[in-house]
Amino acid sequence: MNSLYLHFPFCKSRCIYCDFYSTTLGQDMMALYIRALERELAKRHNYLKGSRVHTIYIGGGTPSLLPSGLLNDLFKAISLFFTLEPEAEVTIEANPDDVTEEWLEGLKGTPVNRISMGAQTFNEKLLHFIGRRHNSQQTIDAVKACKEAGIANISLDLIYGLPNQTFEDWKHDVELALSLDIKHLSAYSLSFEEDTKLDSMLKKGLVREADEELSRKMYDHLISATSKAGFLHYEISNFALPGYHSRHNSSYWQGTPYLGLGAGAHSYDGTRSRRANNPDIMAYINAKEDVPHETEVLSDEAIYNEFIMTRLRTSNGIPLDELAEKDREYCLSMAEPYLSNALLHIKNEHLCLTKEGIFTSNNIISDLMK
Ligand code: SF4
């Protein structure tokens, strides 16, 4: 199994909470960037063993800003080196206001069969506050338009714990999202990332973090509402109808090899080597040979830690029989207090978070790590 990730670090404007690498440079740069992506693809396709891929993910930034001609060029370049498995999952991220009939028409010549849309909230004031370009009606219309264009596999992203967001606001967001007949929902608690506008507002005392009790109530509601709607809670922040979990993200959590192309993209060879392209669009476009990057050879300890961190976030938990004996002993000894107070449990040789454990998952994960 192999996955392909293509990073498109362009946005029309910046949202105040976001620390992803992206630029607001214009269309000329996009064309140069796609040519550079094609060059990197030609140079690095052998990073993956075998030429078959089971997922492709185009993320950003805002890939829905990519003109359809350039998007088609990109898929043509991919097809020179890779073959899609039958039933492959091919996702593109989109901002709701980019999802027009014309944009959807442009997808028709591509293998895209899944859209991940950044709704974030349906509250107009909050959307405006966090710097999103769209309004709530645009999200509703965009989901409808995708389905009419034959793409039913739609995921929405929501954020909870926004400044001044009430429990009723959140309930409304979740209800409205689920009423749109989507297949997948990702819901993240707002975090105040270093060097974002939101973080500087926090430091100046202009906004406050949501209190813990409210965040917990919001998350509890999310779990029960999605469960009532038939969604499976398959990862801490991810919920899907049966058969619609994100296969691309799941492959990250399962240690599948992936090739990441683009400025700021990461790759993993499935064994010990990770590579991170530098987050620098101009250096990426101007690279004559290999694009600027850093590689890391993972130590045994780093491999163990990553295994714990990624697996414990999923509902399947940590498959204990996949750990070397010493690691398994270490893991179980560190898990002991959490097993005793029912924050962890063992199910079919898998160490899993209980519902209660999910709320303190960061502490538990860091305690199980070396
Ligand atoms: S949240 Fe998305 S649209 Fe907003 S700045 Fe970040 S990458 Fe761009």
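The values are calculated or read from the model by the stated rules, or taken from the named source; none is laboratory data. None of the values given here were measured: they were computed from a predicted structure. Here the Cβ positions follow ideal geometry from the backbone for every residue, glycine too, while neighbour counts run over all protein chains shown. Side chains are part of the model used for accessible areas, which takes the heavy atoms of the whole protein and leaves out ligands, DNA and RNA. Shrake-Rupley method; radii C 1.70, N 1.55, O 1.52, S 1.80 Å.
Applying the selection to region 236-250, what residues are in a loop (DSSP other than H, G, I, E, B) and either open to solvent by 40 Å² or more (accessible area, probe 1.4 Å) or closer than 15 Å to Ala225 by Cβ (or both)?
Ser237, Leu241, Pro242, Gly243, Tyr244, His245
Take Phe10 and decide whether it is surrounded by 14 or more Cβ atoms within 10 Å (Cβ to Cβ), within 22 Å of the chain's Cα centre (by Cα), on the phi < 0 side of the Ramachandran plot and of a type outside the set (D, E, K, R).
Spelling it out, Phe10 is indeed surrounded by 14 or more Cβ atoms within 10 Å (Cβ to Cβ), within 22 Å of the chain's Cα centre (by Cα), on the phi < 0 side of the Ramachandran plot and of a type outside the set (D, E, K, R).
Can you tell me how many residues within region 150-169 are in a helix (DSSP H, G or I) and within 21 Å of the chain's Cα centre (by Cα)?
Qualifying residue count for the region: 0.
Can you find a residue in region 25-43 that is within 16 Å of the ligand (Cβ to nearest atom), touching a residue at least 24 places away in the same chain (Cβ under 8 Å) and either under 29 Å from Gly270 (Cα atoms) or crowded, with 20+ Cβ neighbours inside 10 Å (or both)?
yes
Any chance you could count how many residues in region 254-295 are assigned to a helix (DSSP H, G or I) and open to solvent by 40 Å² or more (accessible area, probe 1.4 Å)?
2
Could you tell me how many of the residues in region 176-220 are free of Cβ contacts under 8 Å to residues at least 60 places away in the same chain and over 22 Å from the mean Cα position of the chain (by Cα)?
Of the residues in that region, 16 qualify.
Name every residue in region 131-141 that is touching a residue at least 60 places away in the same chain (Cβ under 8 Å) and either away from the ligand (no atom under 15 Å from the Cβ) or surrounded by 19 or more Cβ atoms within 10 Å (Cβ to Cβ) (or both), in order of residue number.
Taking region 131-141 and keeping what is touching a residue at least 60 places away in the same chain (Cβ under 8 Å), we get 131-133.
Matches in region 131-141: Arg132 only.
Quick check on region 120-127. Is at least one of its residues assigned to a strand (DSSP E or B) and either within 16 Å of the ligand (Cβ to nearest atom) or β-branched (Val, Ile, Thr) (or both)?
Yes: region 120-127 contains one or more residues that are assigned to a strand (DSSP E or B) and either within 16 Å of the ligand (Cβ to nearest atom) or β-branched (Val, Ile, Thr) (or both).
Filter region 44-64 down to the residues that are more than 20 Å from Tyr252 (Cβ to Cβ) and buried (at least 20 other Cβ atoms within 10 Å of the Cβ), then identify the one that is farthest from the chain's Cα centre (by Cα).
Only one residue fits best here, namely Ser64.
Look at Asn363 and say whether it is polar (S, T, N, Q) and more than 15 Å from Thr310 (Cα to Cα). Show your work before the answer.
Details: polar (S, T, N, Q): yes; more than 15 Å from Thr310 (Cα to Cα): no.
No.
All but one of (1) in contact (Cβ under 8 Å) with a residue 12 or more places away in the chain; (2) under 23 Å from Thr100 (Cβ atoms); (3) not in a helix (DSSP H, G or I) hold for Lys147; which doesn't?
Lys147 satisfies all of (1) in contact (Cβ under 8 Å) with a residue 12 or more places away in the chain; (2) under 23 Å from Thr100 (Cβ atoms); (3) not in a helix (DSSP H, G or I) except (3).
Does Asp195 satisfy being acidic (Asp, Glu), part of a loop (DSSP other than H, G, I, E, B) and touching a strand residue (DSSP E or B) at 6+ places or on another chain (Cβ under 9 Å)? Give the steps one after another, and end with the answer.
Working: acidic (Asp, Glu): yes; part of a loop (DSSP other than H, G, I, E, B): yes; touching a strand residue (DSSP E or B) at 6+ places or on another chain (Cβ under 9 Å): no.
When the stated conditions are applied, Asp195 does not pass them.
Within region 340-365, which residues are in contact (Cβ under 8 Å) with a residue 12 or more places away in the chain and either over 24 Å from Ser250 (Cα atoms) or hydrophobic (A, V, I, L, M, F, W, C) (or both)?
Matches in region 340-365: Ala342, Leu343, Leu344, Ile346, Leu351, Cys352, Leu353, Ile358, Phe359, Ile364, Ile365.
Among Leu80, Leu74, which is away from the ligand (no atom under 16 Å from the Cβ), closer than 21 Å to Met30 by Cβ and surrounded by fewer than 14 Cβ atoms within 10 Å (Cβ to Cβ)?
Of the residues listed, the single one that is away from the ligand (no atom under 16 Å from the Cβ), closer than 21 Å to Met30 by Cβ and surrounded by fewer than 14 Cβ atoms within 10 Å (Cβ to Cβ) is Leu80.
How many residues does region 142-163 hold that are away from the ligand (no atom under 16 Å from the Cβ) and either in contact with an Asp or Glu (Cβ under 6 Å, 6 or more places away or on another chain) or not assigned by TED's automatic domain parsing to the domain that holds Thr62 (or both)?
So the count comes out to 0.
Looking only at region 83-94, count every residue that is open to solvent by less than 20 Å² (accessible area, probe 1.4 Å) and within 16 Å of the ligand (Cβ to nearest atom) and tell me the total.
Summing the residues that are open to solvent by less than 20 Å² (accessible area, probe 1.4 Å) and within 16 Å of the ligand (Cβ to nearest atom) in region 83-94 gives 3.
Every residue, every condition in (1) outside the structural domain of Asn135 (by TED's automatic domain parsing); (2) more than 19 Å from Ala152 (Cα to Cα); (3) touching a His at 6+ places or on another chain (Cβ under 9 Å), yes or no:
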| residue | (1), (2), (3) |
| --- | --- |
| Tyr17 | no, yes, no |
| Thr24 | no, yes, no |
| Ala42 | no, yes, no |
| Val53 | no, yes, no |
| Thr62 | no, yes, no |
| Leu66 | no, yes, no |
| Leu71 | no, yes, no |
| Asn95 | no, no, yes |
| Glu101 | no, no, no |
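Scanning region 95-109 for residues that are open to solvent by 20 Å² or more (accessible area, probe 1.4 Å) and more than 14 Å from the ligand (Cβ to nearest atom), which turns out modelled with the lowest pLDDT?
Going through the qualifying residues, I end up with Gly109.
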